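One structure below.
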Amino acid sequence: MSVDTTTDSAAMPRPISRRNLLKTTGAVASTLAASSLSKASPTFAAPAVLQGETINLKYMTWFWYEPGRAEAWRYMVEKFHESQNEIRVEEAGWPFNEFTNNIIVQLQAGQIEGDLIQTTPDLVLRLLRAGQLASVQDVIDDLGITTLSQAHDYITIDGQVHGLDVVTVVFGLLYNQAIFDEANITEMPTTVDEWLDVSRRLTDRPNQFGMHSSHVIAEPESYWFQLQEWAMPYDGVWAEGKTPMVTSEPIVNAVKLFKTMYDDCFPQGSNDATATRQWADQQIAQQLIVSALVNVYKSTAPELYPNIRSYSLPWPSKKSIARIHPITVNANGPQVDASKEFVKFLYTPENYRELLTRQLDVIPAYDVGGLEDYFADLPWLTGFQDINQTTPPDIMGDFIFNNQEFGQIVINRVTEVLTTNRPVEEAMADAQAELEGLAGRLEG
Amino acid sequence: MANFPIPSTDSSTRWSRPRIARAVKSVAFGLLALVVCVVTVFPIYWMIVTTLRPTSLNLRYPPAVLPSQIDLTAFTQLFAEEAIGRWIFNSTLLALMATAICVGLTILGAYALSLLRWRGRGPFAIFLLMTQMLPEALIIVPIFAIYRSVTERGIPLRESLPGLALIDAAFILPIGIWILKNMFDSVPREVREAALVDGAGPFRVLFQIVLPLTRPGLVAVGVVAFFYAWNEYLFAQTMITRADIKPASVGLASMITMLDTPIERLLAAGLVFAILPVVFYALMQRYIVAGITAGAVKG
C-alpha cells in the first residue's frame with residue numbers, strides 16, 4: 001500500500017515523508033525487539049529447588065470462590081507453608097461457571113498456566129486425552145495407599161493414576177426438618193409415588209414449595225448438572241457409547257417425573273440464587289442435590305444448618321451420581337515434582353482427614369480411618385450413606401467429553417416440556433435426533 | 001367595506017378532525033414514551049429496592065413495590081467482605097488507559113482516512129469495520145496465545161491492566177476511527193488550506209485546526225472507549241486471574257458461584273459499579289450525541 005503524503009490540499013509545505021516514517025518506525029521496532037530479545041535470552045541454571053529458591057505453584061481451582069470450602073483450602077495451604085519453606089502455593093482460577101472454559105482456552109492457546117489444576121469428572125478426561133496430566137501414582141505408592149476408591153479407575157492408564165480426588169460430591173435428598181415437622185410428616189417416602197405425594201403435601205404456593213431442582217434455561221450448567229440425577233429413579237442412562245438414550249423408557253419417565261414435580265411443587269422460575277435464598281428462608285422443603293451444598297449453608301445460613309437432614313433415596317436401586325473432583329499435576333508445567341509434594345501433603349492420612357472434615361465432605365477417596373466421630377456428628381448424613389454410586393462416564397457414555405453440549409440439547413427440549421406442555425415423547429424424539437447429529441460430528 | 005374573517009369560537013371548529021388526530025397522536029406518543037421509560041427504569045429501581053430490603057421481604061410473593069423497611073446490610077457486607085474498592089479502582093485505571101490509547105490512535109487513524117490520500121483508503125476503511133463483526137469469543141484463543149508469547153519474551157501483557165487496556169482499545173478503535181473520520185470530513189477544506197498556506201505542517205493542522213473544531217467527536221470516542229473498557233468481561237476474565245488487579249466486571253462475576261450467590265450483595269455491587277459511568281455519562285452526554293451524529297448531514 002503506497003502512502004501519498006500530500007493531503008487533499010494542493011499545497012503541502014511539510015508533508016509526512018515516507019522515508020522518515022519508515023526510518024522512525026524501523027528504529028522504534030528495532031529497539032523494542034532488541035530489548036525483548038535481551039530479556040528473553042535463555043539462562044542455563046539449575047532448577048530453583050536445587051538452588052534453595054522458593055518455588056511458587058499456581059493452584060487453579062474454583063474452590064477459592066466457594067463459601068466454606070475456600071476457608072478449608074486456605075487453611076490447608078497455610079498448614080503446608082508452615083510445614084516447609086521451599087514451596088509456596090498461590091491461588092489462581094475462576095468461579096465454577098467459567099472454570100472449564102478458561103482452562104480449555106489456555107489449552108487451545110498452547111499451555112495451561114497452572115501447576116496444579118482442579119478438575120471435574122469431564123474436564124479431567126479432556127485433559128488426560130490431551131496429554132496434559134502427569135501420573136501421580138508415585139504419590140500413592142510413597143504413601144502406601146492401597147484402598148484408593150474405584151472412582152479413580154477411569155483416570156488410571158496402564159496402572160498409573162493421573163489425578164487424586166479431593167472432593168467427592170454425591171446426590172441425595174436434602175430436606176428441612178422444621179418444614180416436615182410442621183406438616184406432620186414422620187414417615188419418609190420409600191417409593192417415587194410417595195416422594196411425589198409428600199412433595200405435594202409440602203407445597204403451599206406461593207409461600208412454600210415441596211421440592212426444587214434447577215430448571216432455568218439461563219443457567220445451563222446447574223440445570224443439566226441436576227437434571228442428570230433425575231434419571232436415577234428409573235435406572236436410566238443418558239447415553240451408551242456413542243448412542244444417545246433420551247427416548248428410552250427410563251429417560252422419558254424421568255422427564256415426566258421432572259415435569260410433574262415442576263408443575264406441582266417447584267418454585268417455578270426461581271434461578272439458583274433465588275432458590276438458595278428461598279431454601280435458607282425456609283420456603284423450600286427438599287432438594288435433590290449434592291452434599292457439598294451443606295457446607296455452603298453452614299457458612300451462609302447458619303440458623304438453617306441444624307434443620308438440615310437427608311433421607312434414603314426413594315427408589316429401589318438407591319443409585320445416585322457421585323462426582324469426583326481430582327487434583328491433577330500439569331505434566332507440561334515447570335514444577336511437576338514440587339506440585340506432587342503438595343498433593344502428597346494433602347493425601348497424608350492426617351491431612352486428608354482434616355481436609356475432608358473441614359470441607360464437610362462425607363465420601364473419602366481412600367480408607368483413611370478415624371472418621372467415626374466426625375460422621376456421628378453430622379445429623380444430615382444418613383441419606384448420603386445409603387446410596388449406590390454411579391459415575392458421570394457410566395451414564396454419559398462417550399458423550400462425557402461433550403457433556404455440556406449434550407446437556408444443552410436436552411435442557412432445551414425439557415424446557416419446552418415444562419413451559420409449553422409439549423408431550424415428553426415428542427420433545428425427546430427431537431432431542432434424540434439432534435444428539436445423533438452430535439454423535440455424527442464427534443465421529444467425524 | 002372590507003370583510004375581515006372573524007375567528008370562530010365555535011367548539012366544533014376548535015376540535016376539528018385534524019386537531020383531534022394530533023391530540024390523540026401526542027397522547028399516544030406520550031404514553032409510549034412513558035411505557036419505554038418505565039420498562040427501562042424499573043429494573044434499576046428494583047435493583048435499588050432489593051438491596052435496601054431485608055432478604056425475607058425480598059422473597060415474599062407478591063413482592064411489595066415500595067420498601068417497607070430499609071436495611072443496609074448488603075452494602076456493609078459488600079464493603080467488609082469483598083474488595084469492591086480495589087475492583088472499582090482497577091476498572092477506573094483500565095478504562096482511563098484504554099480511553100487514552102484509543103483516542104490517541106483514533107486521531108491518527110481518522111486523520112489518515114479523512115485527510116490523506118492513499119491507494120486503498122476506501123477498502124481499508126471498510127476492512128476496519130469488518131473487524132467489528134468478529135465476536136470476541138472467536139478470537140480469544142489467538143489473542144491469548146499472542147499475549148502469552150509476548151509475555152514470555154519479557155513484555156508483561158498477561159496479567160496486566162495495560163495489556164488488557166490494549167485489547168480493549170483495539171476493539172473500539174475501528175468504530176472510533178469512523179466516528180472521528182466523519183467529524184474530520186465535516187471540517188471545511190478551505191480552513192485547512194488556509195492554515196497550510198500560512199505555513200502550518202500536517203500535524204499542526206491536525207492538532208491546532210482540526211481537533212479543536214471536532215472536540216465533540218473526540219469526546220464521543222473517549223466515552224465509547226471508556227464504557228467499553230469499563231464493562232468488558234470476556235477478555236478481562238481470561239487475561240486476569242490475579243486478585244489484586246481484577247477489574248470490577250470480573251470481581252462482580254466472581255461473586256456468583258455454583259451453589260451460592262448473595263443476590264443482595266451482588267446487586268449492591270452492581271449499583272456501586274454503575275455510579276461512576278452514570279456520573280461520567282451525565283457530564284458528557286451533550287458531546288456524545290453531537291459526536292456520534294456528526295457528519296450525518298454534510299453541506
Cα pair count fraction exceeding 23 Å, expressed as % - region A:256-368:
51
For peptide A:265-271, the mean count of other chain Cβ atoms within 10 Å per residue Cβ is 1
Shielding by partners - mean other protein chain Cβ count within 10 Å, residues of B:109-122
3
Have a look at the DSSP beta bridges in chain A and tell me what percent are antiparallel, nearest 5.
65
One point scatterer per Cα, no solvent, Debye formula: log10 I(q)/I(0) for chain B at q = 0.14 Å⁻¹ comes out as -1.13
Within chain B, longest stretch clear of exposed chymotrypsin sites (Phe, Trp or Tyr not before Pro) (DSSP loop, no more than 15 other Cβ within 10 Å):
B:16-232
What angle do you read, to the nearest 10 degrees and between 0 and 90, between the alpha-carbon axis of helix A:192-201 and the longest principal axis of chain A?
90
Note the direction-averaged projected area, equal to a quarter of the hull surface, for the Cα convex hull of chain A, in nm².
31.2
Over the alpha-carbon set of region A:158-256, work out the extent along each principal axis and list the three values in angstrom, largest first.
55, 35, 31
Could you work out how far helix A:349-358 tilts from the main Cα principal axis of chain A, as a 0 to 90 degree angle to the nearest 10?
70
Here the longest stretch of chain A that holds no GluC sites (Glu not before Pro) in a DSSP loop having at most 15 other beta carbon atoms within 10 Å is A:304-444
Among A:Lys242/A:Lys318; B:Lys25/B:Lys181; A:Lys319/A:Lys344, the pairs whose Cα-Cα distance exceeds 29 Å are B:Lys25/B:Lys181; A:Lys319/A:Lys344
Under unit Cβ charges (Lys, Arg +1; Asp, Glu -1), what dipole magnitude, rounded to 20 debye, does region B:82-293 have relative to its Cα centre?
540
Hey, what did region A:156-235 get for relative contact order, percent, Cα under 8 Å, at least 6 apart?
16
Counting only residues 5 or more apart in sequence or on a different chain, those whose built amide H sits under 5 Å from that of A:Ser291 are A:Val170, A:Gly172
Place a +1 charge on the Cβ of each Lys and Arg in the protein assembly as shown and a -1 charge on the Cβ of each Asp and Glu, then give the dipole magnitude about the Cα centre in debye, rounded to the nearest 20.
4960
Counting only helical runs of four or more DSSP H residues, what would the 222 nm mean residue ellipticity of the protein assembly as shown come to if each run contributes -39,500 (n - 2.57) and the total is spread over all its residues?
-17000 deg cm²/dmol
Order of A:322-335, A:135-148, A:355-368 by packing, highest average Cβ count within 10 Å first?
A:322-335, A:355-368, A:135-148
With just the Cα atoms of the protein assembly as shown, tell me how far they stretch along each of the three principal axes, in Å, largest first.
102, 96, 52
Would you mind ranking B:Met183, B:Met239 so that the residue whose beta carbon has the fewest other beta carbons within 10 Å leads the list?
B:Met239, B:Met183
Sequence-distant or interchain residues sharing an amide H contact under 5 Å with A:Thr390, placed H: which?
A:Ser320, A:Ile321, A:Ala322
Convert each backbone phi in region A:400-405 into a coupling constant with the Karplus relation 6.51 cos²θ - 1.76 cosθ + 1.60 (shift: θ = phi - 60°), then list the ³J(HN,Hα) values in order as whole Hz, x for Gly and Pro.
4, 6, 10, 3, 6, 5
Of all DSSP beta bridges having both residues in the protein assembly as shown, the percent classed as antiparallel (nearest 5) is 70
I'd like the distance separating the alpha-carbon centroids of region B:77-95 and region A:340-397, in whole Å.
37
What distance in nm separates the two pseudo spin-label positions at A:Glu221 and B:Val39, each 7 Å out from Cα along the beta-carbon direction?
3.2
Which distance in Å, rounded to a whole number, links the C-alpha centroids of region A:172-206 and region B:108-128?
70
Two-decimal log10 I(q)/I(0) for region B:15-71, as the Debye equation yields it once each C-alpha is a single scatterer, q = 0.25, 0.27 Å⁻¹:
-0.94, -1.00
Checking the cross-link filter: which aspartates and glutamates have an alpha carbon closer than 20 Å to that of A:Lys298, excluding same-chain neighbours under 8 positions apart?
A:Glu66, A:Glu71, A:Asp272, A:Asp281, A:Glu354, A:Asp361, A:Asp373, A:Asp377, B:Glu81, B:Glu82, B:Asp260, B:Glu264
Let me check I have the definition right: for region B:131-254, take the eigenvalues of the Cα gyration tensor, multiply each by 5, take square roots. What are those semi-axes in whole Å, largest first?
37, 16, 13
Using alpha-carbon coordinates, inclination of helix A:96-108 to the longest axis of chain A, degrees
40
In whole Å, what is the distance between the alpha-carbon centres of region B:44-73 and region B:130-179?
41
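Each value in this text was obtained by applying a stated rule to the coordinates, not by laboratory testing. Predicted, not measured: the structure shown is a model, and the values here were computed from it. Counting neighbours? That spans all protein chains shown, and the Cβs are built from the backbone with ideal geometry, glycine included.
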